[in-house]
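All of the numbers you see were taken from the coordinates with simple rules; none came from a lab. From a predicted model like this one, the values you see are computed outputs, not experimental measurements. Here the Cβ positions follow ideal geometry from the backbone for every residue, glycine too, while neighbour counts run over all protein chains shown.
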Amino acid sequence: MKTDKIALVTGSGQGIGRATAVALSAFSHVIIADIDKVSGKETVSIINKKGGSSRFVYLDVSDSDSITELFLNISSNENKLDYAVNNAGIGGEMKLIHELDLEDWDKILKINLTGVFLCMKYQIKLMLDNKFGRIVNVSSMAGTYGFSRGSSYSATKHGVIGLTKSAAIEYGSENIRVNSVCPGFVQTKILDDIPDYVLDFNKKYRVPMKRIGKPEEVAESICWLLSEKSSFTNGHSLYIDGGFSVG
């Protein structure tokens with residue numbers, strides 16, 4: 001496949017990130033950025049076997065130097081960026097607020113929120129050069145309400161939505177659209193930290209569709225937000241939760 005569009009997906013070694021990278025490879029060259037070199041290169045292999053174009057770049061979003069190096073790499077190799085998906089994140093400690101250690105709080109804040117901010121900072125600089133850019137930040141349904149024993153995670157995901165809305169206002173006139181997605185219960189490794197009885201309860205009583213979502217379903221929504229099919233959508237937070245948020 002030949003394309004002049006360049007996409008970046010952080011945390012694309014597995015889950016939603018991998019599914020998004022694979023979907024994006026249908027219409028762009030994809031830069032796979034992940035802290036796990038093995039899984040990241042597996043994503044590259046999957047894309048290339050499908051006839052797409054991709055390459056791997058190491059990225060630790062908790063390390064500002066690593067983020068800087070990534071974008072120096074992109075500037076040197078691709079020299080532009082059309083699409084960006086800020087997906088890298090962690091679930092954090094499942095504790096009550098008074099039990100949380102400052103170290104745990106700082107860790108999830110640095111990865112889930114500061115990492116998104118820094119990536120956006122450099123992404124937007126590249127996009128301003130071409131007066132074109134589409135960014136999707138991966139928030140969560142926990143970014144729209146409180147989450148018992150998940151306050152740190154919820155706080156960071158609320159922050160991602162705030163960053164998204166602010167960026168949409170600041171750069172909409174520059175032909176740069178910024179949106180976010182808010183997945184519900186989706187089959188990723190983050191669910192490993194959630195007890196089975198909690199998942200079973202939510203599937204039975206809280207999710208009208210009575211099932212867990214698939215990473216590919218989130219990926220398709222992200223691709224829509226990046227595409228020109230959503231050309232007048234900016235600053236929006238798209239819920240992908242099987243109806244959880246409406247019940």
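Would you mind telling me which residue in Lys229, Lys80, Lys131 has the biggest mean-square fluctuation in a Gaussian network model of the chain, where springs connect alpha carbons within a distance under 10 angstrom?
Lys229
At a 10 Å Cβ-Cβ cut-off, how would you order Asp82, Asp65, fewest neighbours first?
Placing the least packed residue first, the sequence is Asp65, Asp82.
Based on alpha-carbon centroids, what's the gap between the range 1-61 and the range 113-156 in Å, whole number please?
19 Å
Highest first, please rank the peptides 148-154, 87-93 by the mean number of other Cβ atoms sitting within 10 Å of their residues.
Averaged packing, sorted descending, gives the order 87-93, 148-154.
From the gyration tensor of the Cα coordinates in the chain, what semi-axes in whole Å does the equivalent ellipsoid have, largest first, with each one equal to sqrt(5λ)?
28, 19, 18
Projected onto the charge dipole of the chain (+1 at Lys/Arg Cβ, -1 at Asp/Glu Cβ, origin at the Cα centre), which of Cys119, Leu70, Ser237 gives the Cα projection farthest towards the positive end?
Working it through, the farthest residue towards the positive pole turns out to be Ser237.
Hey, which of these cross-link pairs are over 26 Å Cα-Cα: Lys5/Lys50; Lys203/Lys229; Lys50/Lys80; Lys80/Lys189; Lys5/Lys49; Lys110/Lys165?
Among Lys5/Lys50; Lys203/Lys229; Lys50/Lys80; Lys80/Lys189; Lys5/Lys49; Lys110/Lys165, the Cα-Cα distance tops 26 Å for Lys203/Lys229; Lys80/Lys189.
Averaging the inverse of every distinct alpha carbon separation and then flipping it gives the Kirkwood radius. What is it for the range 1-46, in angstrom units? Walk me through the intermediate numbers first.
Values: mean 1/r = 0.0982 Å⁻¹.
For the range 1-46, the Kirkwood estimate is 10.2 Å.
With θ set to phi - 60°, apply the Karplus curve 6.51 cos²θ - 1.76 cosθ + 1.60 along the range 88-97 and write out the HN-Hα couplings as whole Hz, x wherever there is a Gly or Pro.
Values, residue by residue: 4, x, 10, x, x, 7, 8, 9, 5, 4 Hz.
Roughly how far apart, in whole Å, are the Cα centres of the range 187-216 and the range 64-95?
After rounding, the separation between the Cα centres reads 28 Å.
What would the Debye equation give as log₁₀ I(q)/I(0) for the range 160-232 at q = 0.14, 0.16, 0.20 Å⁻¹, counting only Cα atoms as equal point scatterers?
Normalising to I(0) and taking log10 leaves -0.61, -0.72, -0.90.
With +1 assigned to the C-beta of every Lys and Arg and -1 to the C-beta of every Asp and Glu, and no other charges, what is the dipole magnitude of the chain about the Cα centre in debye, to the nearest 20?
Computed about the Cα centre, the dipole is about 840 debye.
Using a 10 angstrom cutoff on alpha carbons, build the Gaussian network for the chain and name the most mobile of Leu163, Leu100, Leu113.
Leu100
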